[in-house]
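The values are calculated or read from the model by the stated rules, or taken from the named source; none is laboratory data. Computed from a prediction, not measured in an experiment: that's the story for all the values here. For neighbour counting, all protein chains shown are included, and Cβ atoms are generated from backbone atoms with ideal geometry for every residue, glycine included.
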Amino acid sequence: MPKKLEQLHEGKAKRVYRTGDSGLYLVEFKDDATAFNGAKKGTILNKGVLNNRISAVFFRLLEARGIPTHFVALVSDREMLVKTLEIIMVEVVVRNIAAGSLAARLGLQEGTVLPCPVLEYYYKSDELGDPMINDYHIKALNLATPAQMNKINDLALKTNEILREYLRDKDIELVDFKLEFGLHKEEVLLGDEISPDTCRLWDKKTFKKLDKDRFRRDLDNVEGAYEEVFKRLTGNN
């Protein structure tokens, strides 16, 4: 196992460390929680442990189904080993059901099932509040090439298909989710995490929220929602 070296970056939910292997980073998941571009802050007990392990479940599933990711291995309850990425500064949101900002922007009732998945792009910039952008902005800002965006779109939609099918078997509806991508030796890989922090997950029968919306909206039992997702994915308590 490569040796953990100095910290390279600390974000809202994770710390990234250099390792003794130039092609690998170590990512540590934190319990810190933020919402509304950092305007709301708090802590969700054991969130880092749960998000680390939930992300590993999803990355392993996607790798087995042909989606290339940065995931290499779980190192500890809070840490995973990943391939180094040159992050593409375009966040991709895939929406299956109207919720959150989409429902507000388009005047749709939350819970409206969309006739097809909707892809949205956001400029990855904390300073600017991650504004929504389109293909022309991406080209003008030179954030990614057309070939890279075609690959990203393809991977995002395939990821959506795989995760929706998998989660429905767990009685979870994948409402929407955020993906980040990067380049590893010129190959586009899925990076970051896939967890209740980055997905809207609803119980398929009761529509109970099982994600960070419980923190955003001051609902009760935030920790329990994350634990429930982990339990359904793994069968473990």
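For T145, which of the numbered conditions (1) in contact (Cβ under 8 Å) with a residue 24 or more places away in the chain; (2) surrounded by fewer than 21 Cβ atoms within 10 Å (Cβ to Cβ) fails to hold? (1) is the only condition that T145 fails. Of all residues in the stretch 1-48, those satisfying the criterion of being of a type in the set (K, R) and either in contact with a His (Cβ under 6 Å, 6 or more places away or on another chain) or crowded, with 16+ Cβ neighbours inside 10 Å (or both) are K4, K14, R15, R18, K30, K47. Might you check whether a residue that is closer than 23 Å to L201 by Cβ, surrounded by 12 or more Cβ atoms within 10 Å (Cβ to Cβ) and in the same structural domain as W202 (by TED's automatic domain parsing) occurs anywhere in the stretch 69-77? So far as the stretch 69-77 goes, no, none of its residues is closer than 23 Å to L201 by Cβ, surrounded by 12 or more Cβ atoms within 10 Å (Cβ to Cβ) and in the same structural domain as W202 (by TED's automatic domain parsing). Of all the residues that make up the stretch 41-65, how many are within 15 Å of the chain's Cα centre (by Cα) and in a loop (DSSP other than H, G, I, E, B)? Matching residues across the stretch 41-65 total 0. Pairs meeting the criteria (first residue in the stretch 28-46 and assigned by TED's automatic domain parsing to the domain that holds K212, second residue exposed (fewer than 13 other Cβ atoms within 10 Å of the Cβ) and of a type in the set (G, A, S), beta carbons under 6 Å, at least 6 apart or on different chains) are lacking. On inspection, Y123 qualifies as under 27 Å from Y17 (Cβ atoms) and at pLDDT 95 or above.
Among the residues in the stretch 170-182, are any among the β-branched types (V, I, T) and closer than 20 Å to T145 by Cβ? No, the conditions are met nowhere in the stretch 170-182. The single condition among (1) over 28 Å from G38 (Cβ atoms); (2) surrounded by 16 or more Cβ atoms within 10 Å (Cβ to Cβ); (3) free of Cβ contacts under 8 Å to residues at least 12 places away in the same chain that Y166 does not satisfy is (3).
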